[in-house]
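Encoded as structure tokens, the structure appears first; notes follow it.
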């Protein structure tokens, strides 16, 4: 891995049992928690590239999604933090480092742990 290059992590709450409003609540809670971490370079919602026609706002956000960037030295802390906060939640997580992407899905504690392990291995390659 090239030192100094940022690692991008995108999280999508995709639990079919949650309404879009509940997914949004989960994103807002996680966003607030992530913004309190000093280790992150950025954390933000993802703008909708195709907002509904007639939308007067400058753009809406994609429901249930957020993205963060972290430097390689702090990625293990972020992944551990996410493991603690996302346990038992159905998510998709995409990790992008050095121009490569890893996309994992988890809907149980065991799947989340496997996804986190895969992400940790991916970023240390």
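The values are calculated or read from the model by the stated rules, or taken from the named source; none is laboratory data. On a predicted model such as this, the values are computed, not experimentally measured, just so you know. Because the Cβ atoms are built from the backbone with ideal geometry, glycine has one as well, and the counts that use them run over all protein chains shown.
Things to note:
- The C-beta contact set for the stretch 5-24 (first residue without any contact (Cβ under 8 Å) to a residue 60 or more places away in the chain, second residue assigned to a helix (DSSP H, G or I) and surrounded by fewer than 19 Cβ atoms within 10 Å (Cβ to Cβ), distance under 8 angstrom, 6+ apart or interchain) is empty.
- Residue count, the stretch 59-77 (criterion: surrounded by 20 or more Cβ atoms within 10 Å (Cβ to Cβ), in contact (Cβ under 8 Å) with a residue 60 or more places away in the chain and within 10 Å of the chain's Cα centre (by Cα)): 1
- Wholly within the stretch 1-99, strands (runs of 3 or more DSSP E) carrying at least 3 residues that are modelled with pLDDT of 90 or more and more than 18 Å from residue 120 (Cα to Cα): 40-47
- Residue match in the stretch 104-114 (condition: at pLDDT below 85, surrounded by fewer than 14 Cβ atoms within 10 Å (Cβ to Cβ), under 25 Å from residue 125 (Cα atoms) and in contact with a helix residue (DSSP H, G or I) (Cβ under 9 Å, 6 or more places away or on another chain)): yes
- Considering the conditions (1) free of Cβ contacts under 8 Å to residues at least 24 places away in the same chain; (2) surrounded by 14 or more Cβ atoms within 10 Å (Cβ to Cβ), residue 38 is excluded by exactly one of them, (2).
- Test: residue 27 is farther than 17 Å from residue 72 by Cβ, touching a strand residue (DSSP E or B) at 6+ places or on another chain (Cβ under 9 Å) and in contact (Cβ under 8 Å) with a residue 24 or more places away in the chain: yes
- When restricted to residues that are within 20 Å of residue 83 (Cβ to Cβ) and either out of contact with any helix residue (DSSP H, G or I) (no Cβ under 8 Å at 6 or more places or on another chain) or surrounded by 19 or more Cβ atoms within 10 Å (Cβ to Cβ) (or both), the stretch 15-24 contains 1.
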